[in-house]
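Written below as structure tokens is the structure these notes are about.
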Amino acid sequence: MATTAIGVGVGGVLLGNSICFRKTQQLSILKTSLVSVSEIGFVTSQLSGIRISYNPPKPLSTPFSPALQPVIARRICPFTGKKANRANKVSFSNHKTKKLQFVNLQYKRVWWEAGKRYVKLRLSTKALKTIEKNGLDAVAKKAGIDLRKK
């Protein structure tokens, strides 16, 4: 009776008819059986029909990135650069806790004279007053905003 011995190194696990490896192992087959290695990491014994699979470990150095991230509108006015102010909320007992005072941002359709159309913008009320005083083109040029993309 001919027996086939397969040498399983450190990390090899025998599961039913298959041997699963975590690291690169050396396989030695005694007697007269032949081993064929395919490109996808499987080793098959031609005499006994045992399928040996190799599953390489995933690298840990890859950065985690979710599939899709929602686009969140930042609470910053693009025209004036105003953003949230960190302040104290003071109770009756004079206990102070941190809070944020957000900018008064509004969605507004503003007439753009050079483009002969309305432009929908999210801007602060301070920027709205500045646009009424100086004009949309002047304020956008000073802030470095291209109105053709809006």
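The values are calculated or read from the model by the stated rules, or taken from the named source; none is laboratory data. Just so it is clear, the model here is predicted, and its values are computed rather than measured. Note: ideal-geometry Cβ built from the backbone for every residue, glycine included; neighbour counts use all protein chains shown. Note: accessible area is taken over every heavy atom of the protein model, side chains too, but ligands, DNA and RNA are not part of it. Shrake-Rupley method; radii C 1.70, N 1.55, O 1.52, S 1.80 Å.
If R0 is 25 Å, the Cβ-Cβ spacing of K133 and A84 corresponds to a FRET efficiency of close to 0.50. Between K96 and K108, full extension at 0.36 nm per residue minus the direct alpha carbon distance yields a gain of 0.8 nm. Couplings 3J(HN,Hα) for the range 101-107, derived from phi with the Karplus relation 6.51 cos²θ - 1.76 cosθ + 1.60 (θ = phi - 60°), are 9, 7, 6, 7, 8, 10, 8 Hz, where x marks Gly and Pro. Measuring only protein heavy atoms, the 1.4 Å probe finds E113 accessible over about 110 Å².
Looking at this model, which pairs from K82/K116; K83/K141; K96/K150; K89/K149; K98/K149 are more than 32 angstrom apart at the alpha-carbon?
Numbers: K82/K116 28 Å; K83/K141 20 Å; K96/K150 42 Å; K89/K149 40 Å; K98/K149 38 Å.
Those over the limit are K96/K150; K89/K149; K98/K149.
Rolling a 1.4 Å probe over the protein heavy atoms leaves Y118 with an accessible area of roughly 120 Å². For the range 83-126, the share of alpha carbon pairs falling in successive 5 Å distance bins from zero is 5, 19, 14, 14, 12, 9, 9, 7, 5, 4, 2, 0 percent.
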